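The values are calculated or read from the model by the stated rules, or taken from the named source; none is laboratory data. Keep in mind the model is a prediction, meaning the values are calculated, not measured. When we count neighbours, we look across all protein chains shown, and the Cβ atoms used for this are built from the backbone with ideal geometry, even at glycine. These area figures cover heavy atoms from the full protein model, side chains too; ligands, DNA and RNA do not enter into them. Shrake-Rupley method; radii C 1.70, N 1.55, O 1.52, S 1.80 Å.
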Amino acid sequence: MKKSFWFLSLLWVLFLSWCGWSMNIVEYNDSLVDIVKECTDSNQELFKNFNTNEVSVDSILQSIQDSITICQGSQVKASQVWNYEKDSSLKDAVVELLALEIDYLQKFSATSRYRNIDNITEEDREEYNWIVSDLNETQNSLNQQFTKLQEVQEAFAAKHALKLE
């Protein structure tokens, strides 16, 4: 009787540890997704406000700074997340994405000063065009990083038996 009790106890512990492992991988993935969502939600709100004509340049610059602060906080949170079974691939892709989001926002803020200028000088137009060109390159890098993050997440999920929704 004592041996069967130990055997059942061992099976129970193994079952609980397996269930805990499965939950941990889901929580790990979800926490990183939530961290990215903090930043992207902030950016969506920023661009929604940016596209209205009633918003002042100062208000836009403050919104951009607020989004940068939120994204920097998200980046710090993501970088502090532990590696799952010594696998940092998902975390690293998230941190890289957030770094590009911050870079994009910083460059975007430089375009705000041209928002309400009807007649700009040729020199200002050249500077504006350069800023927009640099911003577009960063946007392309950001889009590529989103795609890379999806690929990394899928590979991570396959490696650790996580079913993505």
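For the range 60-123, trypsin sites (Lys or Arg not before Pro) are listed when DSSP marks them as loop and at most 16 other Cβ atoms sit within 10 Å of their Cβ; the list is LYS86, ARG115. Residues in the range 153-164 carry Karplus couplings, in order, of 4, 5, 5, 4, 4, 5, 5, 10, 6, 9, 8, 7 Hz; the curve used is 6.51 cos²θ - 1.76 cosθ + 1.60 with θ = phi - 60°, and Gly or Pro positions show x. When a/c is below 1.5 the answer is rounded, else prolate if a/b is larger than b/c, else oblate, so apply that to the range 50-115 with a ≥ b ≥ c taken from the square roots of the Cα gyration tensor eigenvalues. Prolate, because a/c is 1.5 or more and a/b exceeds b/c.
Solvent exposure of the range 17-113, expressed per residue, is 53 Å² of accessible area, with all protein chains present and a 1.4 angstrom probe. Remark: spin-label model distance ASN24-ASN143 equals 3.9 nm, labels positioned 7 Å along the Cα→Cβ axis.
Kindly identify the range 35-145 as rounded, prolate or oblate by the Cα gyration tensor criterion: order the square roots of the eigenvalues as a ≥ b ≥ c, call it rounded if a/c is under 1.5, otherwise compare a/b with b/c, prolate if a/b is larger, else oblate. In terms of gyration-tensor shape, prolate. For the range 47-165, the relative contact order comes to 28 percent (Cα pairs under 8 Å, sequence separation of at least 6). Rounded to the nearest 0.05, the FRET efficiency derived from the C-beta distance between GLN150 and THR121 at R0 = 35 Å is 0.25.
For each pair in LYS37/LYS159; LYS77/LYS148; LYS86/LYS107, compute the distance between the two Cα atoms and list the pairs where it is over 30 Å. Don't skip to the end; give the middle numbers.
Numbers: LYS37/LYS159 24 Å; LYS77/LYS148 20 Å; LYS86/LYS107 35 Å.
Checking Cα-Cα distances, LYS86/LYS107 exceed 30 Å.
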